[in-house]
Every structure is written in structure tokens, then in C-alpha cells.
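**Student:** Got a structure for you, questions after.
The values are calculated or read from the model by the stated rules, or taken from the named source; none is laboratory data. Computed from a prediction, not measured in an experiment: that's the story for all the values here. With ideal geometry, Cβ positions are generated from the backbone for all residues, glycine too; neighbour counts draw on all protein chains shown. For the accessible areas, the whole protein counts, side chains as well, though only heavy atoms, and no ligand, DNA or RNA atoms are used. Shrake-Rupley method; radii C 1.70, N 1.55, O 1.52, S 1.80 Å.
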Amino acid sequence: QFISAFRNSAIAAGIVTAVCLVIGLLAAFAFSRYRFRGKSLQLNLILFVQMIPPIAVIIPMYMIMLNLGMMDNIGALIIIYLSFTLPFVIWIMKGYLDGIPVDLEEAAMIDGCGRLQSFFVVVLPVASTGLASTTIFAFIIAWNEFFYALNFTSTSASKTLPVLITEFCKYGADFILTSTAGVLASLPPVLLALLFQKYIISGLTSGAVKG
């Protein structure tokens, strides 16, 4: 059961983090660099989503997933996790991209780069510090999520680690098993932080120097 729950958590957190980084990074770049109608309204709506407590939307989400036949399904958790992780990524990355001078992109476009090419060649290396931090936070949010996982899963086919760990004490306080599972469950976020540590450090100096 622990291996199955570990796999479910890894799949959910991994997919959510990857999707949020791709969509969230491009959306943050659009909000940061472009002017379009309804920009402020959309940003406020994204922020409003973050303010909604999970208990306020649990019943609508439950009815939606029940009608779609996605109860006790890891796919349902991925969709739900995206609904509150993606706005977080967009807001964090937009704030970071706002602090990067537009002159860097303009200099790259003068040298022949397009808008997207200048973003990937110049802006993205400079933003690697914020990107690495956002990746860690997005992964931790999805990895540690408990409330929705508890209410939308019922079998080992879709239960995640936070839900499984609580069940270790269902029939008695097994502190050894719970502590062991807790330590093992905390390893992936720690390893991810260690993995992206070099990108956080290198991102402070890379990308701003031509050549």
C-alpha cells in the first residue's frame, strides 16, 4: 500500500508541477509583457481563486467528479490540484518576470531574436532562480495535499501518501510506522530542493551577460 500511495503521489505531483510550469510560465510572461483587454480583471480572478477555502468548493467539485465518473481516480486529483496550483505559479512567476528588465529582450530582438526566442534564450536563464523556487513550491503543494485526496479517494488505487499515513493509526497509535512513513514521504521534496539548488544559485548571474 505504501508503494502504491507513493506512486500515486509522485504521478499527481509530477504531472501537476510539469503542467503548471509550462502553462503558468507562458501565462505569466503574457501578463507581464503584453497589454490586452481585461488583463487586470483576469489577474484579480486568478488571485480570487487562491482566496477560496477548499471547504467552500468541496461539494461542487464532488458533484462534478461524481457526474463525470472520476471518483477514486488519480486523474480527478490532478485536475483539482491544477485548479489551485496553477494560479499560484502564475502569480509568483509574473512577479518575478516583472523584475526582469525589458531591455534584455529588446537587445536580443535587435540581434535578430523573436519575442519567444528572446524569452527562452535571455529571460528564462535569468528567471531560473524564480522558476526553480516555483517548481519546488508547486511540487510540495501537490505532494502534501490532504483535504481533497481524503475526500476523493477510497481505495489504494488512488490514495496518496498523506491519506495513507493517517490510516496507520486508524486501529491504534503506531508511532514507529507513522514516523517511518513520514520520513520517507518527506524525502522527494528534500531531494527536489537539493536538485534545484544549483539552478537557484546559477540563475543569479546567468543570462544577463551577452556571449
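**Student:** If each DSSP helix of 4+ residues adds -39,500 (n - 2.57) and the sum is divided by the residues in the chain, what number results at 222 nm, nearest 500 deg cm²/dmol? Show your work: numbers first, answer last.
**Tutor:** On the way: 11 runs with 154 residues, N = 211.
Taken over the chain, the calculation gives -23500 deg cm²/dmol.
**Student:** How large is the accessible surface per residue of segment 51-206, computed with a 1.4 Å probe and reported in Å² as a whole number? Let's see the in-between values first.
**Tutor:** Details: 8210 Å² over 156 residues.
Per residue, segment 51-206 has an accessible area of 53 Å².
**Student:** For a test of the definition: using alpha carbon positions, the gyration tensor, and the 1.5 limit on a/c, classify segment 116-177 as rounded, prolate or oblate. Numbers along the way, then the final one.
**Tutor:** On the way: a/c = 5.36, a/b = 2.96, b/c = 1.81.
Prolate is the answer for segment 116-177, as a/c is 1.5 or above and a/b outweighs b/c.
**Student:** How large is ³J(HN,Hα), in whole Hz, for each residue of segment 49-66 in order, when computed from phi with the Karplus curve 6.51 cos²θ - 1.76 cosθ + 1.60 and θ = phi - 60°, using x for Gly and Pro?
**Tutor:** 4, 5, 8, 6, x, x, 5, 6, 10, 5, 5, x, 5, 4, 5, 5, 5, 5
**Student:** Separate question: Grab the Cα-Cα distance for ILE23 and ASP98, subtract it from 0.36 nm times how many residues apart they are, and report the gain in nm with one decimal.
**Tutor:** Details: separation 75, 0.36 × 75 = 27.00 nm, distance 1.74 nm.
Residue separation times 0.36 nm, minus the Cα-Cα distance, leaves 25.3 nm.
**Student:** For the chain, take the longest principal axis of its alpha carbons; what is the angle in degrees between that and the long axis of helix 175-195, to the nearest 10 within 0 to 90?
**Tutor:** It is inclined by approximately 10 degrees.
**Student:** For the ranges 34-41, 91-98, what's the packing order if you count other beta-carbon atoms within 10 Å of each residue, average per peptide, and put the highest first?
**Tutor:** On the way: 34-41: 8.6, 91-98: 18.8.
Descending mean neighbour count gives 91-98, 34-41.
**Student:** Here is a further query. Can you give me the % of accessible surface on segment 1-115 that is carbon or sulfur? Probe 1.4 Å, all protein chains present, nothing else counted.
**Tutor:** The C+S portion of the solvent-accessible surface of segment 1-115 is 70 percent.
**Student:** Would you work out the charge dipole size for segment 59-164 about its Cα centre, treating the Cβ of every Lys and Arg as +1 and the Cβ of every Asp and Glu as -1, and quote it to the nearest 20 debye? Walk me through the intermediate numbers first.
**Tutor:** Values: 3 positive and 7 negative charges, 83 e Å.
The calculation lands at about 400 debye.
**Student:** Another question, then. In sequence order, what are the phi-derived ³J(HN,Hα) couplings for segment 119-134 according to the Karplus relation 6.51 cos²θ - 1.76 cosθ + 1.60 with θ = phi - 60°, rounded to whole Hz, with x for glycine and proline?
**Tutor:** Whole-Hz 3J(HN,Hα) from phi for segment 119-134: 5, 6, 7, 10, 6, 4, x, 5, 7, 5, 4, x, 5, 5, 5, 5.
**Student:** To the nearest 10 square angstrom, what accessible area does ILE3 show with a 1.4 Å probe?
**Tutor:** 130 Å²
**Student:** OK, next. Quick check: with the 1.4 Å probe, what order do PHE175, PHE88, PHE137, PHE119 take by accessible area, largest first?
**Tutor:** Descending accessible area places them as PHE175, PHE137, PHE88, PHE119.
**Student:** Treating cross-link reach as a plain straight distance, find the aspartates and glutamates whose alpha-carbon is under 19 Å from the alpha-carbon of LYS159, omitting any fewer than eight places away in the same chain.
**Tutor:** Correct list for LYS159: ASP72, GLU145, GLU167.
**Student:** Is the shape of segment 1-56 rounded, prolate or oblate, going by the alpha carbon gyration tensor and its root eigenvalues a ≥ b ≥ c, with a/c under 1.5 for rounded and a/b larger than b/c for prolate?
**Tutor:** Working: a/c = 6.43, a/b = 1.87, b/c = 3.45.
Because a/c hits 1.5 or more and a/b fails to exceed b/c, segment 1-56 counts as oblate.
**Student:** Suppose R0 equals 45 Å; then what is the FRET efficiency for ILE64 and ILE176 from their Cβ-Cβ distance, rounded to the nearest 0.05? Write out the running numbers ahead of the final one.
**Tutor:** Details: r = 40 Å, r/R0 = 0.88.
Here the calculated transfer efficiency is 0.70.
**Student:** Taking the mean number of other Cβ atoms within 10 Å as a proxy for protection, how do you rank 130-136, 21-27 from highest to lowest? Mind dumping the intermediate values first?
**Tutor:** Working: 130-136: 21.3, 21-27: 17.7.
Listed from highest to lowest mean packing, they are 130-136, 21-27.
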